[in-house]
Amino acid sequence: MIQCAAPGAIRLFITVFFLTVNNNILILLIMLAHAPISVLIASRHDDEQKRIKDALPEQDFSIAGLEKEEAGIIIRSERLRPDVLILDLQLPVMNYLELVRVIRRRSPSTAIVILSEKNEENLVYLMFKAGSSGFLLKEEDIDKLAPVVKIIYLGGCFISASIFSALISQFSGQITEQKDIIFSPVERGIVTGIANGLSDNQIAKHLNYSAGSIKNILTAIKRRTNLKNRVQIVVFALVSGLIHFENLWMWKKRF
């Protein structure tokens, strides 16, 4: 089985494009998925639990359990080790980010998919940084739930198309204004590494630089582009053509 890169990986953006641009990729991913995929559903209301369950056909998915409480989610995730946890943000949870971190620590083989009613770009970044692999909007993406869960089970990541569009719009002005910025081969290598979910240390090893040098170059990139974090850097790089999809890979083997 294959798993998404470490928490904070930015490859979520790529999957959205493959889903919308190249249906053959989606078909291939679905064919590769091992059925049944065990899923733990965490949602506050019975009707929401049923709605999620009904979106996952029995021939491809097995429901490991239904949970409404934070403690139960943690206990079942650790005991049952489901392939995927679907986490509804309507649950009575004190800190969703910490819940995601705890589950990732206690059941690292479990991929986490977030279901939300709100389009919150900042929350998306924090959730992926905490360790989730998917962020879906209920009203837009519930009909895509089955193929998305399969993609995430295989190690891919997914973000709702409307959230991605909002991020693109957010940076469109910056991209137009900064289109003449020239990036060195090393800077391109760093950005490509970030897009693949690599840490600064991993990028340094790949490029044969020290980790300190990578951090300094990354700081300089942020200063020149007026971008604040790794998500913004990757969106900027993809949309401006600094890096291209063929330079990215979506999955890494779990050893």
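The values are calculated or read from the model by the stated rules, or taken from the named source; none is laboratory data. Because the structure is a prediction, the values reported are computed rather than measured. Virtual Cβ from ideal backbone geometry, glycine too; neighbours counted across all protein chains shown.
In table form, for the structure just shown:
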| read-out | value |
| --- | --- |
| Positions within region 182-222 being surrounded by fewer than 14 Cβ atoms within 10 Å (Cβ to Cβ) and either in a loop (DSSP other than H, G, I, E, B) or in the same structural domain as ALA130 (by TED's automatic domain parsing) (or both), in sequence order | ILE182, SER184, ASN208, SER210 |
| Test: residue in region 19-32 that is touching a strand residue (DSSP E or B) at 6+ places or on another chain (Cβ under 8 Å), surrounded by 14 or more Cβ atoms within 10 Å (Cβ to Cβ) and at pLDDT below 80 | yes |
| Selection count where residues are among the charged types (D, E, K, R) and surrounded by 18 or more Cβ atoms within 10 Å (Cβ to Cβ), scope region 95-143 | 4 |
| Candidates VAL149, VAL186 - the one that is touching a strand residue (DSSP E or B) at 6+ places or on another chain (Cβ under 6 Å), on the phi < 0 side of the Ramachandran plot, at pLDDT 75 or above and among the hydrophobic types (A, V, I, L, M, F, W, C) | VAL149 |
| Strands (runs of 3 or more DSSP E) wholly inside region 63-173 containing at least 3 residues that are under 25 Å from ILE233 (Cα atoms) and of a type in the set (A, V, I, L, M) | 111-116 |
